[in-house]
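Below is one structure, written out as structure tokens; comments come after it.
The values are calculated or read from the model by the stated rules, or taken from the named source; none is laboratory data. Fair warning: this is a prediction, and the values are worked out from it, not measured in the lab. FYI the Cβ positions are ideal-geometry reconstructions off the backbone, even for glycines, and counts take in every protein chain you see.
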Amino acid sequence: MSSSLRIVFAGTPEFAASHLQALLDSEHSIVAVYTQPDRPAGRGQKLTPSAVKQLAVQHAIPVLQPVNLRSPEAQQELANFNADLMVVVAYGLILPQVILDTPRLGCINSHASLLPRWRGAAPIQRAIEAGDSESGITVMQMEAGLDTGPMLLKVSTPILATDTGGSLHDRLATLGPDAVLQTIKGFVDGSLSAEKQLDGLATYAHKLNKQAALIDWQRPAAVLDCQIRAMYPWPICHSTLAGETLKIHAAELADGQGQPGEILSAERDGLLVACGEQALRLTHLQLPNGKALAFSDLLNSKQALFTVGQVLGL
């Protein structure tokens, strides 16, 4: 059997594009790419192709962007590619069983968590938010359930006390492609054995939205520190100050006591705010219609806004 496989790739964001690049650099043949339809993006809301589509177009690979894969026409289209394997990474569409059964070796998925922990849409951010000590990549055989398939390969990485959603994303985006290539090698040489997930250990990583990034100052500072890091660079944690939205890009744990949300001090090293337990020093903030700034820079121009004794979140 040749070590080169005919692969259909399905994915959408930058995280998926890093996997596609690794496959393009391998001995395998990428015969087609599936990705989400172009979406409005930026201030002009111009229709913008996904990161995966942009990469596929650069390499002259056929790109398909169906709204779903439920129609017989879409299913036949995939069958026509005569693929050995389908590699799925953050695609964003549910694949019907008939699609999963179409490639000769089925479909595999690179998922950014140590399954069965954090099945679902936002595993990277939810792991940081929960205070987990590690994360990783799980490559699994796909089945009809959401991230429930048998696990083929796991690679782990510690979650650092300084990690944000962005930094952990970038690290996993470098681990995932090699994990997929190792998995494909195991398919070819028959060395892989799948491990069933223990459903009782599963947790669900709910999709991110702006409500998930709202700060509740009654919570302990250590919990809020995890939340702020998890939600950066999107959707970015926020509270209110004097009726205006205050976005919190970065903070650090600090000593202090007071009413939850109370400004304890406003110094060049940050805005000290009391929490349910201990305090947070907010070091990078963004005011409405402004850009994110170090607090020392905000203090120069907006000192009157940050009066000691004021309470955030009211």
| query | Consider Thr138 against the criteria (1) part of a loop (DSSP other than H, G, I, E, B); (2) under 26 Å from Ala230 (Cα atoms); (3) touching a strand residue (DSSP E or B) at 6+ places or on another chain (Cβ under 6 Å): it satisfies all of them except one. Which criterion is unmet? | reply | (1)
| said: Please go through the range 194-225 and give me each residue that is loosely packed, with under 15 Cβ neighbours inside 10 Å and over 24 Å from Glu134 (Cα atoms), ordered by number. | reply: Lys210, Gln211, Asp216, Gln218
| Top-ranked residue of the range 156-178 - restricted to ones that are buried (at least 16 other Cβ atoms within 10 Å of the Cβ) and touching a Gly at 6+ places or on another chain (Cβ under 9 Å), ranked as farthest from Ser133 (Cα to Cα) | Leu175
| request: Examine the range 304-311 for a residue that is within 30 Å of Asp132 (Cβ to Cβ) and not assigned by TED's automatic domain parsing to the domain that holds Ile124, and state whether such a residue exists. | output: no
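Out of all the residues in the range 290-305, which are in a loop (DSSP other than H, G, I, E, B) and either of a type in the set (Gly, Ala, Ser) or touching a helix residue (DSSP H, G or I) at 6+ places or on another chain (Cβ under 7 Å) (or both)?
Answer for the range 290-305, where residues must be in a loop (DSSP other than H, G, I, E, B) and either of a type in the set (Gly, Ala, Ser) or touching a helix residue (DSSP H, G or I) at 6+ places or on another chain (Cβ under 7 Å) (or both): Gly290, Ala292.
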| So which of Ser50, Ser4 ends up being within 19 Å of Ile108 (Cα to Cα) and among the polar types (S, T, N, Q)? | Ser4
| task | For the range 153-160, state whether one or more residues are touching a residue at least 40 places away in the same chain (Cβ under 8 Å), closer than 28 Å to Met231 by Cα and touching a strand residue (DSSP E or B) at 6+ places or on another chain (Cβ under 6 Å). | result | yes
| query | Which of the strands (runs of 3 or more DSSP E) contained wholly in the range 1-110 include at least 2 residues that are more than 25 Å from the chain's Cα centre (by Cα) and more than 19 Å from Ala179 (Cβ to Cβ)? | reply | 29-34
| Just one of the numbered conditions (1) without any contact (Cβ under 8 Å) to a residue 60 or more places away in the chain; (2) surrounded by fewer than 22 Cβ atoms within 10 Å (Cβ to Cβ); (3) of a type in the set (Asp, Glu) is not true of Asp147; which one? | (2)
